[in-house]
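Undergrad: Have a look at this one before I ask anything.
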Amino acid sequence: MARAYDRLDARIMEMIQANNRLTSEEIGREVGLSSTAVQRRMKKLRESGIVEADVSIISPKAVGRPVSMLVLVSLERERADIIDRFKRTLRSTREVMSDFYVTGEADFVIMVTARDMEDYERFTRRFFYENPDIKGFKTLVVMDRVKVGFAIPIEEPDPNV
């Protein structure tokens, strides 16, 4: 179920998704609110969980990690303890940029970053081959980052509902 927000909140969310460095004064000028009112709304959006994080997207090439892979991972068994253990491992592994527990032929899809293919091979040995809970994995090497981000379409709420 979607959480409650109004049209001003929707506009603020659109703006911060496009540029998380906007000041509350800049946002306020655009949406017709005071800086303080924008700050109160942002606090409410964060506390309610609508705004989950303030992130910046870093260029992998600029920090020496130009190789990215999408990896389809299948677990030996679909048991809650194995799934939970694997989720904890994913969250604590720095090379894993994103991960998703999915349906279909794989159990997880993870995005991994590496310095080069040799670095990725070391990662696979440590992360996949040494984990008895993993049945198998398939690697898709990213050729080009066509679109990167977390922005989602935000609909203004229907005022009649």
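Read-outs: derived from the displayed coordinates by stated rules, not from any lab. Just so it is clear, the model here is predicted, and its values are computed rather than measured. Here the Cβ positions follow ideal geometry from the backbone for every residue, glycine too, while neighbour counts run over all protein chains shown.
Undergrad: Does at least one position in segment 118-131 carry a residue that is acidic (Asp, Glu), more than 17 Å from SER98 (Cβ to Cβ), in contact with a helix residue (DSSP H, G or I) (Cβ under 8 Å, 6 or more places away or on another chain) and assigned to a loop (DSSP other than H, G, I, E, B)?
TA: Filtering segment 118-131 for residues acidic (Asp, Glu) gives 118-119, 121, 130.
Still in the running and more than 17 Å from SER98 (Cβ to Cβ): 118-119, 121, 130.
Of the ones still in play, those that are also in contact with a helix residue (DSSP H, G or I) (Cβ under 8 Å, 6 or more places away or on another chain) are none.
No, there is no match, as no residue in segment 118-131 is acidic (Asp, Glu), more than 17 Å from SER98 (Cβ to Cβ), in contact with a helix residue (DSSP H, G or I) (Cβ under 8 Å, 6 or more places away or on another chain) and assigned to a loop (DSSP other than H, G, I, E, B).
Undergrad: What are the residues in segment 1-38 that are touching a Gly at 6+ places or on another chain (Cβ under 9 Å) and over 19 Å from ALA151 (Cα atoms), if any?
TA: Passing the criteria: SER34, SER35, THR36, ALA37, VAL38.
Undergrad: Within segment 61-73, which residues are under 13 Å from ARG115 (Cα atoms), in contact (Cβ under 8 Å) with a residue 40 or more places away in the chain and over 17 Å from the mean Cα position of the chain (by Cα)? Break it down into steps so the answer makes sense when it comes.
TA: Narrowing segment 61-73 to residues under 13 Å from ARG115 (Cα atoms): 61-69.
Those still in the list that are in contact (Cβ under 8 Å) with a residue 40 or more places away in the chain too: 64-69.
Passing the criteria: GLY64, ARG65, PRO66, VAL67.
Undergrad: If I filter segment 39-50 down to residues being part of a helix (DSSP H, G or I) and not basic (Lys, Arg), which single residue comes out as farthest from the chain's Cα centre (by Cα)?
TA: Step one: filter segment 39-50 for residues part of a helix (DSSP H, G or I), giving 39-47.
Subset that is not basic (Lys, Arg): 39, 42, 45, 47.
On the way: GLN39: 24, MET42: 20, LEU45: 18, GLU47: 19 Å.
Step by step, filter segment 39-50, then rank; the result is GLN39.
Undergrad: Right, next: Among (1) of a type in the set (Asp, Glu); (2) part of a strand (DSSP E or B); (3) surrounded by fewer than 12 Cβ atoms within 10 Å (Cβ to Cβ), there is one condition ASP99 misses while meeting the rest; what is its number?
TA: Here ASP99 meets the rest and fails (3).
Undergrad: Select from segment 84-95 the residues that are within 19 Å of the chain's Cα centre (by Cα) and touching a residue at least 24 places away in the same chain (Cβ under 8 Å) and list them in ascending order.
TA: PHE86, THR89, THR93, GLU95 - these are the residues of segment 84-95 that are within 19 Å of the chain's Cα centre (by Cα) and touching a residue at least 24 places away in the same chain (Cβ under 8 Å).
Undergrad: State whether the residues of segment 96-105 include one that is over 22 Å from THR139 (Cβ atoms) and free of Cβ contacts under 8 Å to residues at least 60 places away in the same chain. Before you say what the answer is, go through the steps one by one.
TA: Let us first name the residues in segment 96-105 that are over 22 Å from THR139 (Cβ atoms), namely none.
No.
Undergrad: Residues ILE58, ILE27, ILE12, ILE16: which one is within 18 Å of the chain's Cα centre (by Cα), over 30 Å from GLU105 (Cα atoms) and surrounded by 12 or more Cβ atoms within 10 Å (Cβ to Cβ)?
TA: Working: ILE58 fails: surrounded by 12 or more Cβ atoms within 10 Å (Cβ to Cβ); ILE27 fails: within 18 Å of the chain's Cα centre (by Cα); ILE12 fails: within 18 Å of the chain's Cα centre (by Cα).
Just a single option satisfies the conditions, and that option is ILE16.
Undergrad: Additional query: Kindly list the number of the only condition in (1) assigned to a strand (DSSP E or B); (2) within 14 Å of PRO60 (Cα to Cα); (3) among the charged types (D, E, K, R) that fails for ARG94.
TA: All conditions pass for ARG94, except number (1).
Undergrad: Among ALA106, ALA53, ALA151, which is part of a loop (DSSP other than H, G, I, E, B) and surrounded by 16 or more Cβ atoms within 10 Å (Cβ to Cβ)?
TA: Numbers: ALA53 fails: surrounded by 16 or more Cβ atoms within 10 Å (Cβ to Cβ); ALA151 fails: surrounded by 16 or more Cβ atoms within 10 Å (Cβ to Cβ).
Checking each option against the conditions leaves just ALA106.
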